[in-house]
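Chemist: My structure is below; once you've seen it, I'll send some questions.
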Amino acid sequence: MLNIICGSKKLDILMPPPNNKDMPKKEDKDKIAIIGGGLTGLTVAYILSKRGYCVRLFESEARIGGMIKGVREFSNPGYSVSAGSDSRNYDPNGRDSSKTVTRGSVSDSFDPGYTDDIYHHLFTGDNYLLQLLEDLDLKSRLHWETAANALMYENRFYPFSTPLDLLSFKPIPFSQRLRTGISVLKASRLKNWQTLENKLASDWIKKNCGEKAWQILWRPLLHSKFGTDAPDISSVWIWNKFKLRGSSRKGSQEKLGYIEGGFQQIADRLEAKITAYGGQINTCSQVTEILPYESLSKKTQFKIKTGDEIYPLFFDQIICTIAAKPFLELASDLIDSVEYREKLSDIEYKANLCLSVIYEKPLSPWYWTTICDDLPFVVTVAQDNLSKSSLKDGHLVYLSRYIGTEEALWRESDQEITDKFIQAAAVAFPGAADNKVLFSRLVRTRYSQPVIKRRYSEKMPTIKTPVSGLWLAGMAQIYPEDRGMNYAVRLAKEVAAAAVGVDK
């Protein structure tokens with residue numbers, strides 16, 4: 001029986017039970033609440049429910065997945081386009097159940113899958129995520145492609161995929177192009193990142209790559225990611241970007257992976273596994289407070305409020321996979337440590353605006369284009385150039401930027417932001433002014449990118465909070481690496497191991 005609860009509505013869907021040999025006995029197992037239904041929360045719930053723990057996951061939105069969510073179908077009045085390749089009905093015991101799905105005049109062998117809310121791809125070194133895909137029988141849908149990237153500078157597009165492209169980038173003096181390439185190689189081999197913690201990214205890049213390389217290449221990148229905080233960003237962050245790019249290359253080419261049918265499939269299959277192992281997922285469930293509860297055995301337990309109601313189950317442990325500030329609001333009455341409270345309140349985040357646009361014709365020959373000019377978006381991602389079957393009609397492009405919530409653009413309406421992005425793309429890309437927009441949809445993410453300043457390891461809140469049985473595992477605790485799907489899975493393994501002693 002699959003249990004999905006949305007508000008007060010419970011849906012019971014028959015599912016085959018997992019093999020008995022995989023199900024540990026539940027006697028004396030902790031009851032564990034997981035707050036947050038993104039990739040980390042779902043992975044933790046999967047790990048713990050598989051090992052026999054009583055798991056209840058709470059997600060405030062109607063759909064699970066967090067930043068890996070996707071949609072089945074885009075539609076505007078008078079227009080509809082179905083998302084990409086087949087997505088078979090998933091059986092947690094490993095069987096595929098095929099059926100024919102008809103949408104209007106379109107008949108598919110299988111369900112047509114998802115189109116991602118936000119662009120995603122895998123790097124070849126994403127071992128934690130790759131192992132999860134193996135567990136979920138999704139590896140067969142993973143395709144690796146050579147990514148063609150570009151850089152827009154002074155209204156001109158430059159190929160920027162290979163070391164030769166960097167060496168051919170004439171706006172920067174040749175000596176600084178060479179120094180930049182050497183710096184990327186050195187970064188991929190640097191093990192002791194702690195030596196970089198007290199250095200500013202700007203100073204480190206100027207010293208290693210040169211002033212012109214900083215002004216043209218890296219200053220726009222940092223500003224696009226961190227805005228007014230860019231001058232304070234640690235060199236650890238830029239080091240990790242260099243390292244990641246270097247490790248994902250096969251020869252001179254960068255290989256990126258995409259799951260045909262969309263990354264929402266990961267969430268769907270985790271959901272199927274969790275419920276098959278006896279866990280429960282509560283969507284439309286906004287947790288508003290975590291409260292202490294002293295049981296008859298004098299063991300400290302927790303109860304939680306969803307909305308104005310107390311959830312009718314007491315928990316031995318709570319794992320929160322949300323941002324630091326919302327976590328502090330939930331657990332404010334529990335956390336007495338002034339130092340830990342300050343760490344939570346001091347973590348800063350940038351928000352993200354990601355506009356999905358479906359054009360009638362291709363917008364760009366490149367998958368990823370970094371914008372160094374002054375446009376309202378800072379990156380374009382032409383999904384067709386990585387995943388050829390992402391849509392049956394039209395060509396999907398993401399226009400995206402990171403932003404502070406204090407900035408005027410964040411406060412504008414979705415329509416105003418959409419108009420600005422599409423108008424800027426029409427000017428920037430050749431032929432875009434005559435390229436009909438079939439559909440657009442804006443996704444806002446409030447907590448998208450932690451601001452990584454110097455000595456971040458000293459400021460980062462630990463996974464183990466000062467309250468016994470209460471854990472925090474959010475993207476701000478992914479360090480020294482930058483947040484991403486691979487490290488979200490690693491974080492899930494780390495907090496599961498810390499909470500109940502499960503092997504990583």
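Chemist: Can you tell me which residue within segment 443-470, out of those that are surrounded by fewer than 17 Cβ atoms within 10 Å (Cβ to Cβ) and in contact with a strand residue (DSSP E or B) (Cβ under 7 Å, 6 or more places away or on another chain), is farthest from Gln415 (Cα to Cα)? Lay out the reasoning, then the answer.
Modeler: Narrowing segment 443-470 to residues surrounded by fewer than 17 Cβ atoms within 10 Å (Cβ to Cβ): 444, 446, 455, 457-459, 462, 464, 466, 468.
Filter again for in contact with a strand residue (DSSP E or B) (Cβ under 7 Å, 6 or more places away or on another chain), leaving 444, 446, 464, 468.
Values: Arg444: 13, Arg446: 18, Lys464: 42, Ser468: 46 Å.
My answer is Ser468.
Chemist: Could you list all residues from segment 136-170 that are in contact (Cβ under 8 Å) with a residue 40 or more places away in the chain, more than 30 Å from Cys209 (Cβ to Cβ) and among the charged types (D, E, K, R)?
Modeler: Asp137, Arg141
Chemist: Please determine, by comparing only the residues of segment 126-173 that are outside any loop (DSSP other than H, G, I, E, B) and among the charged types (D, E, K, R), which one is farthest from the chain's Cα centre (by Cα).
Modeler: From segment 126-173, those outside any loop (DSSP other than H, G, I, E, B) are 127-135, 139-146, 149-153, 156-159, 163-167; that's our starting set.
Among the residues that remain, those that are also among the charged types (D, E, K, R) are: 134-135, 139, 141, 145, 156, 165.
Working: Glu134: 19, Asp135: 19, Lys139: 19, Arg141: 19, Glu145: 20, Arg156: 30, Asp165: 29 Å.
Here the answer is Arg156.
Chemist: If you don't mind, another one. Which members of segment 174-195 meet the condition of being part of a helix (DSSP H, G or I), under 14 Å from Val236 (Cβ atoms) and of a type outside the set (S, T, N, Q)?
Modeler: Ala187, Trp193
Chemist: Kindly provide the set of residues from segment 272-281 that are in contact with a helix residue (DSSP H, G or I) (Cβ under 7 Å, 6 or more places away or on another chain) and either over 14 Å from Leu133 (Cβ atoms) or not assigned by TED's automatic domain parsing to the domain that holds Leu42 (or both), ordered by number. Reasoning before the result, please.
Modeler: Narrowing segment 272-281 to residues in contact with a helix residue (DSSP H, G or I) (Cβ under 7 Å, 6 or more places away or on another chain): 273-274, 277-279, 281.
Residues satisfying the conditions are Ile274, Tyr277, Gly278, Gly279, Ile281.
Chemist: Here is a further query. Can you give me the number of residues within segment 269-286 that are in contact with a Gly (Cβ under 8 Å, 6 or more places away or on another chain) and charged (D, E, K, R)?
Modeler: 0
Chemist: I've got another one for you. Test Ala230 against the criterion of being assigned to a helix (DSSP H, G or I) and either assigned by TED's automatic domain parsing to the domain that holds Thr369 or closer than 24 Å to Asp165 by Cβ (or both), and give yes or no.
Modeler: Values: assigned to a helix (DSSP H, G or I): yes; either assigned by TED's automatic domain parsing to the domain that holds Thr369 or closer than 24 Å to Asp165 by Cβ (or both): no.
For Ala230, the condition - assigned to a helix (DSSP H, G or I) and either assigned by TED's automatic domain parsing to the domain that holds Thr369 or closer than 24 Å to Asp165 by Cβ (or both) - is not met.
Chemist: If Asn155 satisfies all but one of (1) under 27 Å from Glu348 (Cβ atoms); (2) in the same structural domain as Ala428 (by TED's automatic domain parsing), what's the number of the condition it fails?
Modeler: (1)
Chemist: Would you please list the contacts, defined by Cβ atoms under 9 Å and residues six or more apart or on different chains, that run from a residue in segment 37-54 that is in the same structural domain as Leu129 (by TED's automatic domain parsing) to a residue that is at pLDDT below 95 and crowded, with 24+ Cβ neighbours inside 10 Å?
Modeler: none
Chemist: State whether one or more residues within segment 339-357 are β-branched (Val, Ile, Thr), in contact with a Ser or Thr (Cβ under 8 Å, 6 or more places away or on another chain) and either outside any strand (DSSP E or B) or farther than 27 Å from Ala408 by Cβ (or both). Show your work before the answer.
Modeler: Of all residues in segment 339-357, those β-branched (Val, Ile, Thr) come to 347, 357.
Restricting the remaining residues to those that are in contact with a Ser or Thr (Cβ under 8 Å, 6 or more places away or on another chain) gives 357.
Adding the requirement that they be either outside any strand (DSSP E or B) or farther than 27 Å from Ala408 by Cβ (or both) leaves none.
Looking for residues that are β-branched (Val, Ile, Thr), in contact with a Ser or Thr (Cβ under 8 Å, 6 or more places away or on another chain) and either outside any strand (DSSP E or B) or farther than 27 Å from Ala408 by Cβ (or both), one finds none in segment 339-357, hence no.
Chemist: Being out of contact with any Pro (no Cβ under 7 Å at 6 or more places or on another chain) and closer than 19 Å to Val495 by Cα is the filter here; which residues of segment 294-324 pass it?
Modeler: Here is the first cut: in segment 294-324, the residues out of contact with any Pro (no Cβ under 7 Å at 6 or more places or on another chain) are 294-299, 301, 303-323.
If the condition is that a residue be out of contact with any Pro (no Cβ under 7 Å at 6 or more places or on another chain) and closer than 19 Å to Val495 by Cα, then Gln301, Phe315, Asp316, Gln317, Ile318, Ile319, Cys320, Thr321, Ile322, Ala323 are the ones that fit.
Chemist: Pairs please, first residue from segment 392-410 and farther than 17 Å from Phe439 by Cβ, second anywhere and modelled with pLDDT under 95 and of a type in the set (Gly, Ala, Ser), Cβ atoms under 6 Å, 6+ apart in sequence or on different chains.
Modeler: Listed by first residue and then by second, the contacts come to Gly404/Gly227.
Chemist: Continuing with the same structure: Looking at segment 390-432 only, could you name the residues that are of a type in the set (Gly, Ala, Ser) and either at pLDDT 95 or above or closer than 20 Å to Ala150 by Cα (or both)? Show your work before the answer.
Modeler: First, pick out the residues of segment 390-432 that are of a type in the set (Gly, Ala, Ser): 390, 394, 400, 404, 408, 413, 424-426, 428, 431-432.
Scanning segment 390-432 gives Ser400, Gly404, Ala408, Ser413, Ala424, Ala425, Ala426, Ala428, Gly431, Ala432.
Chemist: Same structure, new question: Hey, among the residues in segment 167-183 that are among the hydrophobic types (A, V, I, L, M, F, W, C) and loosely packed, with under 13 Cβ neighbours inside 10 Å, which one's farthest from Phe242 (Cα to Cα)?
Modeler: Filtering segment 167-183 for residues among the hydrophobic types (A, V, I, L, M, F, W, C) gives 167, 169, 172, 174, 178, 182.
Okay, now just the ones that are also loosely packed, with under 13 Cβ neighbours inside 10 Å, so 174, 182.
Details: Phe174: 19, Ile182: 10 Å.
Among those that are among the hydrophobic types (A, V, I, L, M, F, W, C) and loosely packed, with under 13 Cβ neighbours inside 10 Å, it is Phe174.
Chemist: Could you identify the single residue in Leu375, Leu330, Leu353 that is under 26 Å from Ile34 (Cβ atoms), aliphatic (A, V, I, L, M) and out of contact with any Phe, Trp or Tyr (no Cβ under 6 Å at 6 or more places or on another chain)? Break it down into steps so the answer makes sense when it comes.
Modeler: Numbers: Leu375 fails: under 26 Å from Ile34 (Cβ atoms); Leu353 fails: under 26 Å from Ile34 (Cβ atoms).
Result of the check over Leu375, Leu330, Leu353: Leu330.
Chemist: Kindly indicate the residue of segment 300-338 that is in a strand (DSSP E or B) and not β-branched (Val, Ile, Thr) and also modelled with the lowest pLDDT among those meeting that condition. Lay out the reasoning, then the answer.
Modeler: Filtering segment 300-338 down to residues in a strand (DSSP E or B) leaves 300-306, 309-310, 315, 317-320.
Okay, now just the ones that are also not β-branched (Val, Ile, Thr), so 301-303, 305, 309, 315, 317, 320.
Numbers: Gln301: 90, Phe302: 96, Lys303: 95, Lys305: 96, Glu309: 93, Phe315: 96, Gln317: 97, Cys320: 99.
Across segment 300-338, the extreme among qualifying residues is Gln301.
Chemist: Given the residues Val379, Val489, which is the only one that is under 30 Å from Asp30 (Cβ atoms) and under 17 Å from the mean Cα position of the chain (by Cα)? So that I can check it myself, show each step before the final result.
Modeler: Numbers: Val379 fails: under 30 Å from Asp30 (Cβ atoms).
So the residue among Val379, Val489 that is under 30 Å from Asp30 (Cβ atoms) and under 17 Å from the mean Cα position of the chain (by Cα) is Val489.
Chemist: Limited to segment 419-443, what total is found for residues that are without any contact (Cβ under 8 Å) to a residue 40 or more places away in the chain and outside any loop (DSSP other than H, G, I, E, B)? If you could, list the steps in order and put the result at the bottom.
Modeler: So in segment 419-443, the residues without any contact (Cβ under 8 Å) to a residue 40 or more places away in the chain come out as 419, 423, 426-427, 430, 433-434.
Now drop any that are not outside any loop (DSSP other than H, G, I, E, B), which leaves 419, 423, 426-427, 433-434.
Residues meeting the conditions: 6.
Chemist: Would you pick out the residues in segment 361-404 that are under 25 Å from Arg72 (Cβ atoms) and part of a loop (DSSP other than H, G, I, E, B)?
Modeler: Going through segment 361-404, the residues under 25 Å from Arg72 (Cβ atoms) turn out to be 361-363, 367, 380-400.
Of everything in segment 361-404, those that are under 25 Å from Arg72 (Cβ atoms) and part of a loop (DSSP other than H, G, I, E, B) turn out to be Lys361, Pro362, Leu363, Tyr367, Leu386, Ser387, Lys388, Ser389, Ser390, Lys392, Asp393, Gly394.
The values are calculated or read from the model by the stated rules, or taken from the named source; none is laboratory data. Because the structure is predicted, anything quoted here is derived from the model rather than measured. Methodologically, a virtual Cβ is constructed for each residue, glycine included, from the backbone with ideal geometry; neighbour enumeration extends over all protein chains shown.
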